[in-house]
Structure formats: C-alpha cells, structure tokens
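Below is one structure; the comments refer to it alone.
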Amino acid sequence: MRYEGVTCGRDGSVDNHMEMGKKLLAAGQLADALSHFHAAVDGDSKNYMAFYRRATVFLAMGKSKSALPDLSRVIELKPDFTSARLQRGNLLLKQGRLDEAESDFKKVLKSHPNDKDEREAQSQLTKSDEIQRLVAQAHSSYSSQDYMTASVQLDAIIETCVWDVTSREMRAECFIHMGEMGKAVSDLKAASKLKNDNTQAFYKLSTIYYNLGDHEMSLNEVRECLKLDPDHKQCYSHYKQVKKLNKQIRSAEELIQEQRYDDAVSKYETVMKTEPKVPQFSLLAKGRICHALAQGQHGSKAISVCSEVLESDPENVNVLKDRAEAFIQDEQYEEAIRDYETAAKHSENDRQIKEGLDKAQRLLKQSLRRDYYKILGVKRNAQKKEIIKAYRKMAQQWHPDNFQNPEEKKKAEKRFIDVAQAKEVLTDPEMRTKFDHGEDPMDPESQQSHHQNFHGGHSGFNPFGSGPFNFKFNFN
C-alpha cells in the first residue's frame, strides 16, 4: 500500500509528520517516511523520538553513517533511552570503535534494562573484550612481520567489526606483503568507501594496479585521489607517470589498428623505457611487439620476442597464437601446430585457433610436396615484382636448351616446368591465396580441371615455346 496525497508539508505539525512517517515506515516506504522524519526534526530539534525514528529509517536503508549522529542526539536529549544507546553501541562496535562501544554497553547494564537488552549488552561487551585482545595480538604479529598470523587475527576482528577502516587497511598491508594483491584491493576499496576523503587508500589502490600492469585502473584510482585533494603530492606525482604511460600505450594500440606495425613496435619500445622497473609493463609491451611483428610479416623477429614473453607467461593465449603465425611465416609448421594446440587447451572454442591450426596442418602437408616459394627461392611475403624477377632468373638457369646431356636435359625440363607453374600460381592472386591456405592449385586431386587446362598431363605444356622444345620466354 502507498499513502498518496499527503497534505502535511513543512508547515504541518510535527505530530502529523511523525504519524505519517510511522505509517510509511510500517508500509516499507522508506524514502517517503524519511522525508516526514526530516520535517519533524526540522520542526522540533529537541524531539528525541523524531531523531530516533529517523535513525531507524537510516538503519533500514543501510545508511549507518547517517544513523549514528541521530542516535547520539537521542542519547544527548534522553540519556536513559536504553534502546538508542544499545543500537549506538552496536554501530560503534561494527566500526571498530571498541572503547566507545564498551562504554555504551556498560551504561546499558547499569540502567536496569529489561532481560533482552541486558543479555544483548552483556554478550556484546564480552565480544568487544575479545576483539580488544585480538587487536593487540594483530598489531604485535604485524610488527613482527608475521603477516600470515596477523591476517588471520584481523579476519576474526573484521568478522564483527565489518566497518573498521583501520583493521581493513592493516589487513590490506598484510596481503600486499604476502603477494595476495586481489585481496588487498578488496580491502582497500572497502576502506575508500568507509572513510571519507581516504586519499591514501586510493593512492595505494593506484600503485597496486600499476605494479600489476593495469594502467587504466591505476589511472582511475589516482584520479579519485586527486578529486579529493588536488594538491596531494604522492598522487599527483604518480598521476603524471601513469598518464604518460597510458598515453603511450593507447598510441601504440592505435598504430596497430592502423596496421602501422613498425611504428607500433617503436612506440612499445618507448613504453619499456618509460617504465623499466615494473616487469608487467615490459611483459605487456613485448607481448604487443610480438603481435605487431607477426602482423607485419617479420616472422623470425616475432618468434624471438614471443618466445621471451612465453618464458614468463607460458599460458598467454594471444602470444601463443602470434608465435604460431610467425612460425608459419618462417615455414616452421610443426612448431606452429604445437603452439596452436597449446593455446587451444587454454581457450576452447576460439575460432582463430581452429582456423590457424587447420592452416598450419595443411601447410605442413603441403610442405612435404611442392613448395612454389622454395622453387623460386622467394619468401612467402614476396611481392609480385620479386616473384617475376626470381622466375626470370630460374627460367634462364633451367631452360632445357642449356643442357646437352640427356639425363641433365630431362632433369632441367622437369625443373623448368616447376618454375613455370610456381610463377603462374604466385602471380595469380586467387591461386596464391589458395596455396597460402594449404591448397595446391596444380594438384590433380583438388584442382583437376585447372590442372588439365594448364598442361593436360604435361603433354603439350610449352611454357616458353622456342628451340628444340619449341620454348620461348614469357616474362609477363
């Protein structure tokens, strides 16, 4: 049910606001109830029940920080209000303000409370005493650099004192020393929310992300620090470094997107010079250099850089894929297959891996037969002009007219035909694409019709057409 058309605004009586607030609170309409209790407090700043009701709504909304001042005002106005003092003690205990919490619990016990309140106050007082002991032990363990023991003791403290900023920050330091950065981040994020203007928590979060190689998150956290204090020296100095590095990495990625791979390599080399002390950034830069080199058809260089990255991060799927591609460029097909198979173990259903593996397997099979690039002595990324130049040289070298010995002439004729076929395949974009994907356009099994049109089982195949074999040069 909702209460509509309420007529008692700020000019209405405090009693009306109190009554409507109670009804709305009972109906679960917390925001509307809160508005009425605000009005009641504004109408009578000494009405302890108005403060108490508003504190009740704040607690129901999970806003304990706002509830605490209201409960303190209630106790100030009515020191014998046991329920308010007990609730404040519980909030103080959750915040880790143990001495203040114990004071409230002791006063409740001295006020001749009802049985329920007495049991609760006694139980909470006993719990607070135990936590006091744990706090002393945790500080001792931390001072002795026994971070594992300290973290366990702090676990027990935080289980009760869930809003205790000091304990969370100390536990975060323990986690940092133990190398458990994820847990440290979790505690510091909580601390940044629990304590207003907690610039130090944001600074530590930024440095942790930075050392993990996450420049984007590092930049976000250090900006939060500077929002709170633009003149914070540590945060401003760190911000300049992170911003510079972030800009360089973004620029390098843009170059990769533009397929300016050599420029991207240079930019990532600059990244490593900008931050030589954090291994994660060197690893990130080398991983992307590996990618740029592979995409830029620098197979041998890519293999070297990719291998360096994989020594430190052997399960890096992207680098495994890039090295596999580089191995293909370098005609090391078995190595490419191994890399794709390793990558597949860590990334199932990756279409790139499946396609790359199929390609490497086809090329391996093909390499055991004819390789038109090897026949002409050119690289797999050779341009058409280089292919034609190599063809001319090889055709002149193996022209059958150059050989008189019958055996040598027969061998030259076979090689001469291979050279002509290699030239035809590699200068035809469609045929070359097929060959690069593991298909042989001259293979009778897969390209029978084309094969027959080309040389009809070698009978009548005259790639040159002059001399005793009726061959003449065709260098187009």
>> I'd like the full set of residues that are among the aliphatic types (A, V, I, L, M) and within 15 Å of residue 54 (Cβ to Cβ), limited to the stretch 68-116.
In response: 68, 71, 74, 75, 77, 84, 91
>> Going through 60, 55, 101, 40 one at a time, which residue ends up being touching a His at 6+ places or on another chain (Cβ under 8 Å) and not polar (S, T, N, Q)?
In response: 40
> Do we have residue 292 as under 19 Å from residue 439 (Cα atoms), out of contact with any strand residue (DSSP E or B) (no Cβ under 7 Å at 6 or more places or on another chain) and surrounded by 22 or more Cβ atoms within 10 Å (Cβ to Cβ) here?
Replying inline: no
> residue 208 passes all but one of (1) closer than 26 Å to residue 91 by Cβ; (2) open to solvent by less than 30 Å² (accessible area, probe 1.4 Å); which number fails?
Replying inline: (1)
>> Please go through the stretch 168-199 and give me each residue that is open to solvent by 50 Å² or more (accessible area, probe 1.4 Å), under 21 Å from residue 97 (Cβ atoms) and free of Cβ contacts under 8 Å to residues at least 24 places away in the same chain, ordered by number.
In response: 193, 196
> Just checking, which of 382, 420, 412 is within 22 Å of residue 296 (Cβ to Cβ) and aliphatic (A, V, I, L, M)?
Replying inline: 382
>> So residue 80 ticks every box in (1) assigned to a loop (DSSP other than H, G, I, E, B); (2) open to solvent by less than 50 Å² (accessible area, probe 1.4 Å); (3) not basic (Lys, Arg) but one. Which box is left unticked?
In response: (2)
> Among the residues of the stretch 347-372, how many are outside any helix (DSSP H, G or I), more than 27 Å from residue 421 (Cβ to Cβ) and open to solvent by less than 100 Å² (accessible area, probe 1.4 Å)?
Replying inline: 2
> Could you list, in sequence order, the residues of the stretch 391-435 that are open to solvent by 60 Å² or more (accessible area, probe 1.4 Å) and of a type in the set (S, T, N, Q)?
Replying inline: 396, 397, 402, 404, 405, 433
> Does the stretch 215-238 hold any residues that are in contact (Cβ under 8 Å) with a residue 24 or more places away in the chain and either of a type outside the set (S, T, N, Q) or open to solvent by 90 Å² or more (accessible area, probe 1.4 Å) (or both), and which are they?
Replying inline: 215, 216, 219, 224, 225, 228, 229, 232, 235, 238
> Out of (1) part of a loop (DSSP other than H, G, I, E, B); (2) open to solvent by less than 60 Å² (accessible area, probe 1.4 Å); (3) at pLDDT below 90, the odd one out for residue 458 is which?
Replying inline: (2)
> Of the numbered conditions (1) open to solvent by 100 Å² or more (accessible area, probe 1.4 Å); (2) within 42 Å of the chain's Cα centre (by Cα), residue 378 satisfies every one except a single condition; which is it?
Replying inline: (1)
>> Given the condition open to solvent by 40 Å² or more (accessible area, probe 1.4 Å) and in contact with a Phe, Trp or Tyr (Cβ under 6 Å, 6 or more places away or on another chain), answer yes or no: does some residue in the stretch 38-48 qualify?
In response: no
> Would you say residue 267 is open to solvent by 70 Å² or more (accessible area, probe 1.4 Å) and in a helix (DSSP H, G or I)?
Replying inline: no
> Which residue pairs have Cβ atoms closer than 6 Å, lie 6 or more positions apart in sequence or on different chains, and pair a first residue in the stretch 335-354 that is of a type in the set (Val, Ile, Thr) with a second residue that is in a helix (DSSP H, G or I)?
Replying inline: 337/360; 342/320; 353/340; 353/343; 353/344
> residue 447: open to solvent by less than 60 Å² (accessible area, probe 1.4 Å), at pLDDT 85 or above and of a type in the set (S, T, N, Q), yes or no?
Replying inline: no
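The values are calculated or read from the model by the stated rules, or taken from the named source; none is laboratory data. Treat the numbers as computed from the prediction; the structure is a model and nothing was measured. We place every Cβ from the backbone using ideal geometry, glycine too, and count neighbours over all the protein chains shown. When the accessible area is computed, the model is the full protein with side chains, heavy atoms only, and any ligands, DNA or RNA have been set aside. Shrake-Rupley method; radii C 1.70, N 1.55, O 1.52, S 1.80 Å.
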